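Visitor: Here you go, one structure.
Read-outs throughout are calculated quantities, based only on the coordinates presented, and are distinct from any laboratory measurement. The structure presented is a predicted model; accordingly, all values stated were derived computationally and were not measured. As a convention, Cβ positions derive from the backbone with ideal geometry for all residues, glycine included, and neighbour counts pool all protein chains shown.
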Amino acid sequence: MVQNPKPAEGAAPRLGKPLKRSFFDRSVHEVAPDLIGATLLVDGVGGMIVEVEAYHHLDPAAHSFRGPTPRNRVMFGPPGFAYVYRSYGIHWCANFVCEEEGSASAVLIRALQPTHGIPAMRRRRGLQDERALCSGPGKLCEALGITIRHSELPLDQPPFALHARVGKPETIVGVRIGITKAVDLPWRYGLKGSRFLSKRFLTGELHQHQ
């Protein structure tokens, strides 16, 4: 059985090779599960990705569904760039653009297991509980200092650093959260057994991703 990459408390996990923009030049449904277990850093602060959601351009829940706008234009560009938007006028959310130019598909980063720069995260979030630092898309952006100024930046250059996962973690699949359209699509991926998810996967919906 493949073991989950669970580093010791307070210890940073071994980092895999840096991910290049070419990693994202594939189907969003291939990229999304492959991001589980990868490490996302912004100016050296971040952690292991434990939860994501896929959004395809033919998906009515995707921001790109009705075509390009000044806000979502980066989604229609080449893969491997960040798309950052404000959710409900309150929280920033970080997405990674996937597929060929014009496809306008992206992966929403929903939760991280903090591993690097935890003191900085605690200052930014104003709390101590490691499990709550990055357990949601808005929370992780606040913890990592991600704002609109990071939108349209390449993911393989500073301030971003992305490292491939080491090994193949067990990934579970379920429906996406907080949307009103295409609610039944199983396009949410998570690290099995993680304590750092934004929301638990329901027993009746999840299955292991192959």
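Visitor: If you add up the charges near residue 140, with Lys and Arg at +1 and Asp and Glu at -1, over every other residue whose beta carbon is less than 11 angstrom from its beta carbon, what do you get?
Guide: +2
Visitor: Taking 0.36 nm per residue of separation and subtracting the Cα-Cα distance, what length does fully extending residue 73 through residue 90 add? Provide the component values of the computation, followed by the final result.
Guide: Numbers: separation 17, 0.36 × 17 = 6.12 nm, distance 2.09 nm.
So the extension gain works out to 4.0 nm.
Visitor: If amide H atoms are built 1.01 Å from N in the plane of the peptide, which residues on other chains or at least 5 residues away come under 5 Å of the amide H of residue 185?
Guide: Result for residue 185 returns 176.
Visitor: Report the label-to-label distance for residue 147 and residue 195 in nanometres (one decimal), using points 7 Å from each Cα along the Cα→Cβ vector.
Guide: Reported label-point gap for residue 147 and residue 195 is 3.3 nm.
Visitor: Go ahead and estimate [θ] at 222 nm for the chain from helices alone: -39,500 (n - 2.57) per DSSP H run with n ≥ 4, summed, over the residue count, rounded to 500. Working shown, then result.
Guide: Numbers: 4 runs with 27 residues, N = 210.
Helix contribution divided over all residues of the chain: -3000 deg cm²/dmol.
Visitor: Top mean-square fluctuation among 127, 191, 155, Gaussian network model of the chain, C-alpha springs under 10 Å?
Guide: Maximum among the listed residues: 127.
Visitor: Then there is this: Based only on other Cβ atoms within 10 Å, what is the fewest-to-most ordering of 177, 109?
Guide: Working: 177 15, 109 27.
Going from least to most buried by this count: 177, 109.
Visitor: Still on this structure: So how do 97, 173, 31, 107 line up by other beta-carbon neighbours within 10 Å, fewest first?
Guide: So the ranking, lowest neighbour count to highest, is 173, 31, 107, 97.
Visitor: Give me 57, 116 sorted ascending by neighbouring Cβ count inside 10 Å, so fewest comes first. Before the final figure, lay out each step's value.
Guide: On the way: 57 18, 116 22.
Placing the least packed residue first, the sequence is 57, 116.
Visitor: Tell me the relative contact order for the chain as a rounded percent, counting alpha carbon contacts under 8 Å between residues six or more apart. Don't jump to the answer; show the numbers that get you there.
Guide: On the way: 517 pairs, mean separation 59.7, N = 210.
28 percent.
Visitor: Can I ask one more? Choose one answer from 16, 47, 174: the residue with the largest mean-square fluctuation in a GNM of the chain with alpha-carbon springs under 10 Å.
Guide: Taking springs between Cα atoms under 10 Å, the residue moving most is 16.
Visitor: Looking at the chain as a GNM with Cα springs under 10 Å, which of 49, 179, 118 has the largest mean-square fluctuation?
Guide: Result: 179 has the largest fluctuation of those listed.
Visitor: Could you tell me which of 85, 154, 127 has its Cα farthest along the dipole of the range 21-169 towards the positive end, charges placed at Cβ (Lys, Arg +1; Asp, Glu -1), taken about the Cα centre?
Guide: 127
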